[in-house]
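Presented below is the structure to which this report refers.
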Amino acid sequence: MKVISSIIELRDQLRGQNRVAFVPTMGNLHKGHLSLIRLARQHGHPVVTSIFVNRLQFGPNEDFDKYPRSLDSDIDKLQQENVYILFAPTEQDIYPHPQEYYIHPPHHLGDILEGEFRLGFFRSVCTVVMKLISCVQPRIVVFGKKDYQQLIIVRQMCEQFALPVEIIAAETERDIDGLALSSRNMYLIPSERVEAPNLYYTLQRIRDSILSGNRNFSKIKLEALDTLTKRGWKPDYITLRKRANLHAIQPQEWHKPLVVLAAARLGATRLLDNLEI
Ligand code: PAF
């Protein structure tokens, strides 16, 4: 595997490749990332991964400085997955000048849910993803369903800019007890780690209730928020949305593909999860 930081060298290495499958990451790779890489391999060749902790997408009180960085062990894992190139640019490579051009997702997608709690987050994600796509020039890009809103926003961005890429969605990888894998799980202290899968169990109960015909989502949601709060969580949201655009559902739309999404704090760690219905 070649580890490349310069955009010019990356383009040199990839010249003539027109089926590149790309997996952008912020590193600290776990089984979830590796499943994205395996999915990428099924859809294109060669596989390119990037590791770049994008300062722009961290709020002033977020964890940019302490975000786990583990380049050496990440390289080992990527080598075992036969990744062709790891693109690991520095901040100077990606932002040689202060970034003055941004991609703003529309308000109805970018400023809801995560966007409401992390102001400007999707503007920064879209901007760096656009830039990474421009560097790698892939045919396929794989994103995990774990960050469902990111997946939907990036997919629509690529469609609206007619980028010649296909966005492939990978299922969420979970620990044996159901906790969705995330680099931030390592912040959980042992007692919180035991409690953490309850976010997923809550989503499962909501899904089961809806599938059994319960249409009173306000009541379902209040019960779920109450249960989580009593267990020590601080929920930011639990919401039911249409999968295609994350809009709220109208009474006649219960037959559409839906997704229930949640974000909640457990101690100092903010966890996200979702479940398609
Ligand atoms: O999901 C992530 O790891 C990041 O948001 C991404 C897509 C690599 C952009 O920095």
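The values are calculated or read from the model by the stated rules, or taken from the named source; none is laboratory data. Because the structure is a prediction, the values reported are computed rather than measured. A quick note on method: Cβ atoms are made from the backbone with ideal geometry, for glycine too, and the neighbour counts reach across all protein chains shown. Heavy atoms of the whole protein, side chains included, go into the accessibility calculation; ligands, DNA and RNA do not. Shrake-Rupley method; radii C 1.70, N 1.55, O 1.52, S 1.80 Å.
Phi-derived couplings, Karplus 6.51 cos²θ - 1.76 cosθ + 1.60 at θ = phi - 60°, listed residue by residue for the stretch 149-165: 5, 4, 4, 5, 5, 5, 4, 5, 4, 5, 5, 5, 9, 6, 5, x, 10 Hz, with x used for Gly and Pro. Mean sequence separation of contacting Cα pairs (under 8 Å, at least six apart), scaled by the length of the chain, corresponds to a relative contact order of 18 percent. With each label modelled as a point 7 angstrom along the Cα→C-beta vector, the S5-D76 pair spans 2.2 nm. The simple spin-label model puts a point 7 Å past each Cα toward its Cβ; for R69 and K31 those points are separated by 2.8 nm.
Label sites at L222 and E166, each approximated as a point 7 angstrom past Cα along Cα to Cβ, lie 4.7 nm apart.
Bridge orientation summary for the chain: considering DSSP beta bridges with both residues in this region, about 50 percent are antiparallel. Over 19 Å apart at the Cα level, from the set K31/K77; K221/K242; K2/K66; K145/K242; K31/K146, are K2/K66.
Solvent exposure of D63, expressed as accessible area, is near 20 Å², computed with a probe of 1.4 Å over the protein chains only.
Can you give me the % of accessible surface on the chain that is carbon or sulfur? Probe 1.4 Å, all protein chains present, nothing else counted. Ligands and nucleic acids excluded, carbon and sulfur give 51 percent. If you take the Cα centroid of the stretch 107-182 and the Cα centroid of the stretch 7-22, the two points sit 21 Å apart.
Along the axis of the charge dipole computed for the stretch 11-118 (Cβ charges of +1 for Lys and Arg, -1 for Asp and Glu, origin at the Cα centre), the listed residues G44, L109, N28 are led at the positive end by G44. Over the stretch 83-192, the reciprocal of the mean inverse Cα-Cα separation, the Kirkwood hydrodynamic radius, stands at 15.9 Å. Ranked by solvent-accessible area (1.4 Å probe, protein heavy atoms only, all chains present), the residues L199, L71 order from largest to smallest as L71, L199. Express the accessible area of the chain per residue in Å², computed with a 1.4 Å probe while the remaining protein chains stay in the model. Counting only protein heavy atoms, the per-residue value for the chain is 50 Å². Net charge dipole, the stretch 118-207: roughly 240 debye, given to the nearest 20, about the Cα centre with Cβ charges of +1 for Lys and Arg and -1 for Asp and Glu.
Size descriptors for the stretch 135-277, from the alpha-carbon set: Rg then Dmax equal 16.4, 48 Å. Let's test the formula: R0 of 41 Å, r as the Cβ-Cβ distance of Q250 and E62. What FRET efficiency results, to the nearest 0.05? With a Förster radius of 41 Å, E is 0.75. Distances between placed amide hydrogens fall under 5 Å for L271 paired with A264, R265, L266, all partners being 5 or more residues away or on another chain. Scaled against the 2.2 N^0.38 Å expected of a compact globular protein of N residues, the Cα radius of gyration of the chain reads 1.02. Nearest 10 degrees, 0 to 90: what angle lies between the long axis of helix 31-43 and the longest principal axis of the chain (Cα atoms)? Helix 31-43 sits at roughly 60 degrees to that axis.
In the chain, the sites counted are GluC sites (Glu not before Pro) in DSSP loop states with at most 16 other Cβ atoms within 10 Å, and the longest stretch holding none of them, exclusive of the sites, is 172-277.
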